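Here is the structure we will look at, set down as structure tokens.
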Amino acid sequence: FDFLDPEFEMTTPLIEMRNISKAFPGVQALKDVSLAVYGGEVQMLVGQNGAGKSTLIKILCGAYHPDHGDFLLNGSPIRIESTRDARRLGIAVIFQEFSLVPYLDIAQNIFLGREFPGRIPGTIDRARLHTEARRILDLLGMDTDTHTQVHRLGVAQQQMVEIAKALSQNPRVLVMDEPTAAISDREIERLFDIIRKLRQDGIAIVYISHRMREVFEIGDRITVLRDGSNVASLRPLESTMDELVRLMVGRELSTKYRTRFCTQPGEPILDVKDLYTKSGIRGANLTLRAGEIVGLAGLVGAGRTELARAIFGADPTMQGEIRVMSKPLRRSPSAAVRCGVGLVPENRKTDGLALLRSVHDNILAAGLPKLFP
């Protein structure tokens, strides 16, 4: 990739944050953190969970106000008091947590708050809305109908809509917070192509990632945060993965793990034969033996999530057989739980957790029948 050009010339940063500090009750999230991003640069922002990356980005986009610190745009002081200010300055953010409206369609979500006015005052030009949305989705390689409501999309597709929403703003500064966490390799490569194009157009990009491969593959510069403070700013060619991990955690840490494979698996625990579902599974077969870890691989939309949900009984089946310990499994989540089958769903927020209940309640909810027989 041409991202690693050692002759890359730095001039005045397009956007700069100086000595930013932010405290929450009982926590000093940021301590005099500085970040400078140049036009035509991919700035990788890395650090452990809790290092302050997301807090810094929320300050940049106006969602949080810093306790003290300064902002500069092309070397001139600016104020960012709100998300509206950030958007006006050309700052767009793809957050790790989705900010989509479930019961609006894809086009409405992409241009929410920025709709095209119709010929009659007070109306919206919906045809142009969907045309522009289609153009952006085509850039991302996403062929989903723009009239589809967002709640009908999988997590990976929702992530692509979030990316499309940010790109639709024609940003000068684009911040990406773990944008590849939920998408497949094909979508990642398409996203990297778009990043390369934006870089050539002079866009300043801040990219947050825990994936070391991405850091070295697309980064021009790397800024490391640890415990809310700047630790280092360096070029990818000046560092290694091991050195970067050491900077992030503050000590030497082996990144190599001994892998033990199951060379002699036991009897079949789960057996799926010729399974058909209304969600798109066609003739799926799967056997899981004692001691094995079986991975389900495939592109977005290939049916991995649908197969897991069908096995657990969350989605109805039309044909086929599912056996656990050689016994037929009734097609319902309660029957699956009684047989020792558990599901960690793709979308934790909607399918896995009761967000208004406590951690205590969520942990105990699935096991209440065993605790109180």
### Query
Within segment 287-373, which helices (runs of 4 or more DSSP H) (wholly inside it) include 2 or more residues that are open to solvent by 90 Å² or more (accessible area, probe 1.4 Å) and not polar (S, T, N, Q)?
359-365, 368-371
### Qualifying strands (runs of 3 or more DSSP E) (wholly inside segment 26-110; at least 1 residues being among the hydroxyl-bearing types (Ser, Thr, Tyr) and more than 24 Å from the chain's Cα centre (by Cα))
27-37, 76-78
### Message
Pairs needed: first member in segment 31-54, on the phi > 0 side of the Ramachandran plot; second member anywhere, among the hydrophobic types (A, V, I, L, M, F, W, C); C-beta distance under 7 Å; at least 6 residues apart or different chains.
### Response
47/224; 47/225; 47/248; 52/29; 52/30; 52/33; 52/225
#### Entry: Lone qualifier among 73, 60, 45 - being modelled with pLDDT under 95, surrounded by fewer than 22 Cβ atoms within 10 Å (Cβ to Cβ) and of a type in the set (A, V, I, L, M, F, W, C)
73
### Message
Of the residues 146, 131, only one is more than 28 Å from residue 30 (Cα to Cα), touching an Asp or Glu at 6+ places or on another chain (Cβ under 7 Å) and of a type outside the set (A, V, I, L, M, F, W, C); which?
### Response
146
### Query
Do any residues in segment 92-107 that are among the charged types (D, E, K, R) have Cβ atoms under 9 Å from those of residues that are crowded, with 18+ Cβ neighbours inside 10 Å and part of a strand (DSSP E or B), where the two are at least six apart or on different chains, and which pairs are they?
97/177
### Query
Cβ-Cβ below 6 Å, separation at least six or inter-chain, first residue in segment 340-353 and on the phi < 0 side of the Ramachandran plot, second surrounded by 15 or more Cβ atoms within 10 Å (Cβ to Cβ) and not aromatic (Phe, Trp, Tyr): which pairs?
346/155; 346/305; 347/155; 351/345; 352/345
### Query
Quick check, is residue 86 open to solvent by 30 Å² or more (accessible area, probe 1.4 Å), farther than 22 Å from residue 245 by Cα and among the aliphatic types (A, V, I, L, M)?
no
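The values are calculated or read from the model by the stated rules, or taken from the named source; none is laboratory data. Owing to the predicted nature of the structure, the values given are computational and were not obtained by experimental measurement. Neighbour counts run over all protein chains shown; Cβ positions are idealised from the backbone, glycine included. For accessibility, only protein heavy atoms count, side chains too; no ligands or nucleic acids. Shrake-Rupley method; radii C 1.70, N 1.55, O 1.52, S 1.80 Å.
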